[in-house]
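A.B. asks: Quick one: the structure is below, questions incoming.
The values are calculated or read from the model by the stated rules, or taken from the named source; none is laboratory data. Treat the numbers as computed from the prediction; the structure is a model and nothing was measured. Positions of Cβ are backbone-derived with ideal geometry, glycine not excepted, and every protein chain shown enters the neighbour counts. Just so you know, the surface numbers come from the protein's heavy atoms only, side chains and all, with ligands and any DNA or RNA stripped out. Shrake-Rupley method; radii C 1.70, N 1.55, O 1.52, S 1.80 Å.
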2 protein chains.
Amino acid sequence: MVTGTKSLEVCLTPALLPLYNVENYIVVIIDIFRATSSICYGIENGAEAIIPVSEVEECAAYREKGMGYLLAAERNGEVVSGFDFGNSPFAYTPEKVAGKTVVLTTTNGTHALHLSRKAKRIVIGSFLNLTALSNWLKIQHESILLVCAGWKNNFNLEDTLFAGAVIEHLKEGKYKLDDPALAANDLYQLGKHDIGEYLQKTSHGERLKKLGIEKDIAFCLQVDLTTAIPVLEGEKLVKL
Amino acid sequence: MVTGTKSLEVCLTPALLPLYNVENYIVVIIDIFRATSSICYGIENGAEAIIPVSEVEECAAYREKGMGYLLAAERNGEVVSGFDFGNSPFAYTPEKVAGKTVVLTTTNGTHALHLSRKAKRIVIGSFLNLTALSNWLKIQHESILLVCAGWKNNFNLEDTLFAGAVIEHLKEGKYKLDDPALAANDLYQLGKHDIGEYLQKTSHGERLKKLGIEKDIAFCLQVDLTTAIPVLEGEKLVKL
């Protein structure tokens with residue numbers, strides 16, 4: 001950790017989380033395509049809670065608990081047979097999720113959450129709740145670590161760009177930025193005028209396009225569609 | 001690895017090297033402040049070989065081997081007592097190193113080298129040999145992995161910017177770039193007009209300034225001062 005004042009840092013992938021003492025930070029988990037976007041949208045739309053799990057089997061196990069969970073699981077862009085819906089944010093409408101608890105299968109996002117477990121607090125960020133999240137972060141008296149879920153433990157541009165967007169909101173505050181934060185904010189300067197266009201060139205963007213989820217991508221890049229801030233309480237993400 | 005064609009990828013820190021099958025790549029090790037800059041300068045100036053080691057003790061052990069090694073070790077910006085010189089590139093002049101084998105203590109650089117051991121080939125890059133290195137890489141028929149030694153296993157801007165500079169030379173070729181490569185090249189666009197100025201803002205730059213090595217930093221940012229390409233053969237870096 002950078003010392004001397006509150007710091008605002010970016011962990012570029014979950015593989016780098018062991019380098020941080022997460023207990024010193026408020027952690028923001030970022031998995032733009034699509035987990036944290038869907039979570040923000042679902043909590044905004046009245047989901048009582050969202051439980052992120054890593055494996056489809058873990059998700060399916062909630063069916064046995066018999067409490068009317070909604071189960072979300074997807075592999076290769078298709079809803080897994082027997083599940084209620086997949087990972088598309090479009091599934092998280094008020095009609096579907098209000099008052100319900102959703103169990104969501106997400107590999108990268110869950111991994112990042114799990115490794116951040118000891119943080120002072122864990123909240124969820126996406127372009128959907130950018131300003132609400134940033135305004136809340138501004139009034140906290142803690143150092144902040146923006147954790148990019150990335151792609152298979154490596155760096156991706158979309159999560160980093162979002163980290164840069166949060167820094168843009170906070171950088172006039174008295175934070176010490178580390179090198180990844182400086183880089184993320186600089187990349188955001190390059191992409192901010194049309195984030196969708198900027199991300200066209202990424203390998204992950206191409207991969208997602210092949211899955212036929214261009215509409216999801218466009219949805220996830222909408223800024224300030226929501227104001228709810230999901231926060232981790234125990235195993236569940238609930239509204240702050 | 002990105003598939004389909006030759007790829008040009010950037011590993012942002014040694015902590016992410018386990019995500020790559022290094023045996024599929026020519027690896028370029030990058031540790032701008034100051035190990036790979038000093039190595040390029042030393043090999044250019046006629047050092048017969050440079051042996052990078054992690055620990056001062058390991059370096060000192062070469063004295064026992066009695067073959068007239070030059071020993072370079074530094075801690076907190078000072079030459080360690082009893083050693084021939086520190087890590088400043090200014091020590092690697094023809095008068096001092098021509099015909100000699102230098103044993104160099106470098107933590108981040110050695111770590112990156114060690115983890116890349118199985119690569120098809122390992123070469124050393126710095127701004128000093130940028131064009132010579134890039135021209136050589138261009139005529140290789142292999143995928144290329146630019147490995148940033150980083151700072152204590154985390155991302156730093158100077159190594160990433162150099163990776164972006166190499167990509168600038170190669171990107172018209174038929175390479176597939178991964179997200180870190182795209183980001184590194186974009187950051188290079190922001191910094192290329194005055195890399196020293198751009199790096200002023202980094203935490204590492206501040207740290208190095210405190211050590212009183214501004215001259216070393218300016219030296220390491222000179223482009224194309226040298227043409228030698230150091231390559232790893234066994235334990236030794238020699239001229240390609």
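A.B. asks: Just checking: which of the helices (runs of 4 or more DSSP H) contained wholly in the stretch B:42-157 hold 2 or more residues that are within 14 Å of chain A (Cβ to nearest Cβ) and under 13 Å from the mean Cα position of the chain (by Cα)?
C.D. replies: B:107-115
For (1) more than 16 Å from residue A:11 (Cα to Cα); (2) modelled with pLDDT of 95 or more, each residue gets a yes or a no:
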{"residue": "A:43", "(1), (2)": "yes, yes"}
{"residue": "A:52", "(1), (2)": "yes, no"}
{"residue": "A:80", "(1), (2)": "yes, no"}
{"residue": "A:85", "(1), (2)": "yes, no"}
{"residue": "A:102", "(1), (2)": "yes, yes"}
{"residue": "A:107", "(1), (2)": "yes, no"}
{"residue": "A:123", "(1), (2)": "no, yes"}
{"residue": "A:136", "(1), (2)": "yes, yes"}
{"residue": "A:152", "(1), (2)": "no, no"}
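A.B. asks: Kindly indicate the residue of the stretch A:84-102 that is farther than 21 Å from residue A:215 by Cα and hydrophobic (A, V, I, L, M, F, W, C) and also surrounded by the most Cβ atoms within 10 Å (Cβ to Cβ) among those meeting that condition. Show your work before the answer.
C.D. replies: Our first condition is that a residue be farther than 21 Å from residue A:215 by Cα; within the stretch A:84-102, this holds for A:98-102.
From what is left, the residues that are hydrophobic (A, V, I, L, M, F, W, C) are A:98, A:102.
Working: A:98: 12, A:102: 27.
For the stretch A:84-102, the residue satisfying everything is A:102.
A.B. asks: Please work out which one of (1) crowded, with 16+ Cβ neighbours inside 10 Å; (2) within 14 Å of chain A (Cβ to nearest Cβ) is the condition residue B:237 fails and give its number.
C.D. replies: It is condition (2) that residue B:237 fails.
A.B. asks: Return the residues of the stretch B:40-77 that are out of contact with any helix residue (DSSP H, G or I) (no Cβ under 8 Å at 6 or more places or on another chain) and crowded, with 21+ Cβ neighbours inside 10 Å; say none if nothing qualifies. Talk me through it step by step, then tell me what you get.
C.D. replies: Initially, the stretch B:40-77 is screened for residues out of contact with any helix residue (DSSP H, G or I) (no Cβ under 8 Å at 6 or more places or on another chain), giving B:43, B:48-49, B:55-68, B:74, B:76-77.
The answer is B:43, B:59, B:74.
A.B. asks: Moving to a separate point now. Being of a type in the set (Ser, Thr, Tyr), outside any helix (DSSP H, G or I) and under 18 Å from residue A:154 (Cβ atoms) is the filter here; which residues of the stretch A:1-41 pass it?
C.D. replies: Selection gives A:13, A:20.
A.B. asks: Considering every residue within the stretch A:183-206, establish whether at least one is open to solvent by 10 Å² or more (accessible area, probe 1.4 Å), free of Cβ contacts under 8 Å to residues at least 12 places away in the same chain and among the hydroxyl-bearing types (Ser, Thr, Tyr).
C.D. replies: yes
A.B. asks: Looking at the stretch B:127-156 only, could you name the residues that are open to solvent by 10 Å² or more (accessible area, probe 1.4 Å), out of contact with any His (no Cβ under 7 Å at 6 or more places or on another chain) and under 14 Å from residue A:179 (Cβ atoms)?
C.D. replies: B:152, B:153, B:154, B:155
A.B. asks: Still on this model: Looking at residue B:219 and the list (1) outside any helix (DSSP H, G or I); (2) away from every other protein chain (no Cβ under 14 Å), which single condition is not satisfied?
C.D. replies: All conditions pass for residue B:219, except number (1).
A.B. asks: Check whether at least one residue in the stretch B:188-205 is more than 18 Å from the chain's Cα centre (by Cα), closer than 18 Å to residue B:106 by Cα and more than 13 Å from every other protein chain (Cβ to nearest Cβ), and report yes or no.
C.D. replies: no
A.B. asks: Look through B:76, B:87, B:21 and report the one residue that is closer than 21 Å to residue B:196 by Cβ and not basic (Lys, Arg). If you could, list the steps in order and put the result at the bottom.
C.D. replies: Numbers: B:76 fails: closer than 21 Å to residue B:196 by Cβ; B:21 fails: closer than 21 Å to residue B:196 by Cβ.
Going through B:76, B:87, B:21 in turn, the sole match is B:87.
A.B. asks: Which count do you get for residues in the stretch B:160-181 that are touching a strand residue (DSSP E or B) at 6+ places or on another chain (Cβ under 9 Å), within 11 Å of chain A (Cβ to nearest Cβ) and assigned to a helix (DSSP H, G or I)?
C.D. replies: The total comes to 5.
A.B. asks: Hey, does the stretch A:157-169 have a residue that's at pLDDT 95 or above, under 23 Å from residue B:155 (Cα atoms) and open to solvent by 10 Å² or more (accessible area, probe 1.4 Å)?
C.D. replies: yes
A.B. asks: Hey, could you check the stretch A:9-26 for residues that are hydroxyl-bearing (Ser, Thr, Tyr) and within 13 Å of another protein chain (Cβ to nearest Cβ) and say which is nearest to residue B:10 (Cα to Cα)?
C.D. replies: The qualifying residue nearest to residue B:10 (Cα to Cα) is A:13.
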